[in-house]
Each structure stands twice: as C-alpha cells, then as structure tokens.
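To start, the structure under review is shown below, and the notes come after it.
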Amino acid sequence: MALERFVPLWGQLRDYQLRWLRFDLLAGLSVAAVALPTAVAYPAIMGLPPQIGLYAAILPPVGYAIFGPSRRLMVGPDTATCMMVASAFIGLGISGVDERIAVAAAFAMVVGLACVAAGALGLGFIANFLSKPVLMGFLSGVALDLIIGQLGKLTRLSLSAKGLFPPLVEFGVKLPGAHLPTVILGVGLLAILRGLRRWAPGLPGPLIAVVLGTLLSVVLDFGGLGVTLVGAIPQGLPSPSLAIPGYLALDNFALAALGILIVSFSSGIVTARSFGLKYRYAVDANLELVGFGAANVASSLIGGFPVTGSDSRTAVNCAVGGKTQLAGLVAAAALTAAVLFFGSVLAYLPVAALSAILISAALDLIDTRGFVTLWRLSRIEFMFAIIGILSVLSLGVLRGVIIAVLTTLAHLIWIASRPRDAILGIIPNRDGLYKLHRHPDAAPIPGLTIYLPEGAVVFFNADYVKHRLLKSVARTLTPPLWLVLDASAIGILDTTSVDALEDARATLAAHGIKLAIAGLHARARRLIERSGLAARIGPEMIFHSAEDAADAFQAWQAKASKG
C-alpha cells in the first residue's frame, strides 16, 4: 500500500486487466496524434526552437505516469504556463536562444521540486476553493475557447479577435473567403467523429481521423490544393542533461519561478478537478502536486520547459476510453517514434484533421444536462458557472478561474456575514425547544428569550449578530428578564465577537435583563473565560444547553414568585 501511494503506477499495473490494453493503446496513440502539432507550436510563444516543445511532450508524461495519481489526466505544454515563461524571459532580460533553453529547463526543475515540496506539505488544499459550478464553468469555457480557437484552422481563415462573440462575428464576416477543400475535409472528419461518438463509441475516432486525413492528403495531394499540413518534424532527441545557469539573480529568478508555479498548478489542478468531476473520480490535490513535480523534473532533464495538466490531451484520452497511465506511456513512446522515424509521414497530416479532433473532444466537455440541473437547483450557482465561462473566454483560463473563485468566495463571505438565526420556544405537552418561525404552535417562555445564531461569530459578522440578539428583545411584547444566547451552533468565536457580546451584556444589564450563554463549545468557553466575560456574566448564568437554561429560568422565576 505504501508503494502504491508513492508510485501510483504500481497499483494500476498490479490490478491491470488485459481487456483494457486496446483502450490504453488507442488512447495513447490518439493523445500523441493531438499532442504532436501543439508541441511543435508552443515553443514559439517563448521564442524557443520547435524541438524543445517535443522534448517537453515526451518525457513529462512518463514522470506523471509513474508518480501521478490520476489514471486519466495527461500532462504536457500549456498555453498559460508558456506565456508565464515568456513573460519571465522578458523580466529577466534573457533574449538569446541558448540562454532561453537553459533557463526554461531550470524553471522546469525548480517548479518541479517546488511542486513535490508543496504536495508533501499538504498545500493542495488550495484546490478546495474550486466549487462545482466554477469547475463546470471552467470546463465549458475551455471547451468553447478550444472550439473558437480551431475555427481558423478548420477554414484556413485568419482570425485575430479574442473572447466569445468578437471571433464569431469576425468568423461570420470572413467565412465567404474560407478555403473550400480545408472546410470540406475538416467538417467531414468532424461529422465522422461525432457519428462514431454516438453510434460506435468503442472505436478510436481521433486515431481514425488522423489516419484517414493523412491517407487522403497523400492520395489527393492536399498540399498542392492549398490545405495546410503539419509539415516536417525535427528529428532526434537530446541526451539527458541538467543545465542550471549560475549567472541569474536568484531573487528575480525565484520570483519568476513562483509565478510559473502558481499558474501551472492552478491550471493543472483545475483541469484535474474538472475531469474528476465529469468522470466521477476523486482528486487528491497533494498527490497531483507530486505528479506535476515529477513531470516537470523529467522535462528539465531532457531540456524541456515547465508543463502541467493538459485539458485537450486529457479530453482525447477520456473520449477514446483510456483506462490507466499506460496510455501516457504509449503517447510518450509514440511521440518519440514520430520524432525519430515517422517525421516524413506525419508531415502530410492536415492541420484541419487535428482541429476536427479537438472540436469533437471539446463538445464532449460541455455538460448541458449539468447546467440544466444547476439552473433547477440553484440559480445563484448557475450564475457562478456562467461567470466562469465568460471570465475564461474574456480574460483567459487562469484569470477567468480566479474571477469565478473570488465571486464564489465573496458570496460565501456575504452569507457568513449574515448568519441565519431563530428564537426558540416550547410546544405544550412536548419536551425540548423549537424554532418559533418553523413551528406555529410553539410559543416563547414568558419572561425568557432564547436566541440561536447558526454559524461562526467572528470579526466580520459580530456586530450583525449583536444587533440581531438585541433586536430579539425588542420583538417581545414585554421585555424579558433573561436573554439566553444558545451558542450550540456557534463553531467559532474570536476576540471581536467576545467584545460584541460584552457590549450586548452591558446594554441588556442597563435595561435590567440578564444575559446567559448555553451550549458553548470548549474552545469558545475557554476564550470567554480568559477574557473575563464569563466572570462578568456569572458562572451561574452559563449552561450546558438551552434546555438547561430554560429549566434554570423557570426554577429561578418560581423561587422569585414565592419570595
């Protein structure tokens, strides 16, 4: 069991079923087919040679396959991470290609080690702030972004607008100038993919599209017809090496690496959580950090750059039905073979075929039924999902997720700042206390008000709770003799809330009303004892439960009436 926790691949292989093999093989080949052109394209963002992207796509999946916890997640170059690396190059003043190659590998090593350390320290809890609506919005936003981003390649149109509607408007305006052979090929393959997805989901649609597109390209001479092809693939692999420049200012380098770490982890964990939600498997953020760390260290050793979870590759893997990380190993092997032996064949692969694969995979990411259910259950959470989509499309993946998360946190804080409360009373001939607003036959005990706040009472809601507590007195026809604060539902008290309770006690005392507290948790009780509030209230006015307080009040009242 211990070995499985540190090397999850061991557990996957130990329980491996032979019938899974064809799914993993086909998924790995499909992932490799989609990964190849993007791996060549991503380095341009950072001013690196194309082969560096191939290195970053080959060895990192092996590192994640061994140490990553997810059976389905695929890792590789990521747009946001590449943009962070490019920004770091500018900030550090690195312009030479050789310098950039060395520094990119150094970033990958530092980010990888930092991920492993963060996972060991349990910092993956940050992922808990990503709610289900945010994840749904992210996944759908990424899907729409993928689709929009592929429209130009599917038609050979140059689209420069960003966001959701501007690119669609530009696409509609320029559509008459689309390259007809490219459109026919791309739309035809997309139709085949969707048809296979619906009527023959067991067949490897992406792989079929790649093979069919390549064969048609060779037979019909697509290059001569003006269809854009992937082109020649750089061949050869570097020897494992680690070159960390010693001339960089460590503080600036560390800050840049921290930014890359935050962006790559955020992107990767959102991807992991999104697919975990969609395919109903648990995601351990700490173990994911370790997996990402292993992938980045592997990338560094072969001269690559920082990588993270890849939504498009994971989508293809899931669509084909990959069962284990053997698919990642197959993808790495296929990419290696493509670089070494099949560059001349893959040069004929139409880019439109890859666009069709990505669009088809993206369509599967949009959970239409989930949005309908969310609309029915919670309109506010539905809006959070929509905010997630619009933020991703208008601000980019990571900024969009940050906006969506901050929106949900702001809503959570607003709810916590106004905790629900109730006044308790009794029902004739029944034991216990009951909420007056939920039980029409319940009535308050004459001379006694029992106030129940439901939630933590801390600095940002202490005044609100004090106001509601004092207002509960004003609701009664005659002022009560006692006011009991039922603290059984108060999980947390802080010093600000203790001060607010002292103010309430003094105000009540000025009107001849005694404050009692019931049901305090041990930590909260220690706090009011150390603050002196317990002494000012009086030990006899602190009770184990609200029922005990009600019994004590009735006994006190009976004794007072006899006296």
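Where a number appears in this text, it was derived from the coordinates with a stated rule and is not lab data. Treat the numbers as computed from the prediction; the structure is a model and nothing was measured. We place every Cβ from the backbone using ideal geometry, glycine too, and count neighbours over all the protein chains shown.
Before moving on, here are some points about what is shown:
- For the chain, share of DSSP beta bridges that run antiparallel, in % to the nearest 5: 50 percent
- Note on the chain: dipole from Cβ charges, positive end direction compared against Ala57, Leu255, Leu73; the farthest Cα belongs to Leu73.
- If you plug the beta carbon distance of Ile184 and Arg369 into 1/(1 + (r/R0)^6) with R0 = 30 Å, you get a FRET efficiency near 0.40.
- Cut-off of 10 Å, at most 15 other beta carbons, DSSP loop: longest stretch of the chain lacking such trypsin sites (Lys or Arg not before Pro): 1-161
- At an R0 of 51 angstrom, the distance between the Cβ atoms of Ser87 and Asn429 translates into a FRET efficiency of 0.10.
- Per-residue ³J(HN,Hα) for the range 402-415, Karplus 6.51 cos²θ - 1.76 cosθ + 1.60, θ = phi - 60°, Hz, x for Gly and Pro: 4, 4, 5, 5, 4, 5, 5, 5, 4, 5, 4, 5, 4, 5
- Residues whose amide H comes within less than 5 Å of that of Ile450, counting only those at least five positions distant or on another chain, are Leu424, Val484 (H built at 1.01 Å from N in the peptide plane).
- Dimensionless Rg over Rh [the range 420-562; C-alpha; Kirkwood]: 0.94
- Entry note, the chain: relative contact order of 22 percent, from Cα contacts under 8 Å with a spacing of 6+ residues.
- Per-residue ³J(HN,Hα) for the range 361-376, Karplus 6.51 cos²θ - 1.76 cosθ + 1.60, θ = phi - 60°, Hz, x for Gly and Pro: 5, 5, 4, 6, 7, 7, 8, 4, 4, x, 5, 5, 5, 5, 4, 6
- For the range 21-33, putting each phi into the Karplus relation 6.51 cos²θ - 1.76 cosθ + 1.60 with θ = phi - 60° gives couplings of 4, 5, 5, 5, 5, 5, 5, x, 5, 5, 4, 4, 5 Hz, in residue order, rounded to whole numbers and with x for Gly and Pro.
- With a threshold of 21 Å on the Cα-Cα distance, the over-threshold entries among Lys435/Lys466; Lys153/Lys323; Lys514/Lys559 are Lys153/Lys323.
- Each part reduced to its alpha carbon centroid, the range 481-556 and the range 47-73 end up 59 Å apart.
- Value of relative contact order over the range 84-184, rounded to a whole percent, pairs C-alpha under 8 Å and six or more apart: 17 percent
- Computed over the chain, the ratio Rg/Rh where both radii use C-alpha atoms and Rh is Kirkwood: 1.14
- Extents of the range 123-183, largest first, come to 50, 20, 16 Å (Cα atoms, principal axes, whole angstrom).
- Net charge dipole, the chain: roughly 1140 debye, given to the nearest 20, about the Cα centre with Cβ charges of +1 for Lys and Arg and -1 for Asp and Glu.
- Contact order for the range 420-562, expressed relative to its length and based on alpha carbon pairs under 8 Å spaced 6+ residues apart, stands at 21 percent.
- Fully extending the segment from Trp199 to Ala333, taken as 0.36 nm per residue of separation minus the present Cα-Cα distance, adds 45.2 nm.
- A cut-off of 5 Å between modelled amide H atoms, ignoring neighbours fewer than 5 places along the same chain, links Thr308 with Gly76, Asp78.
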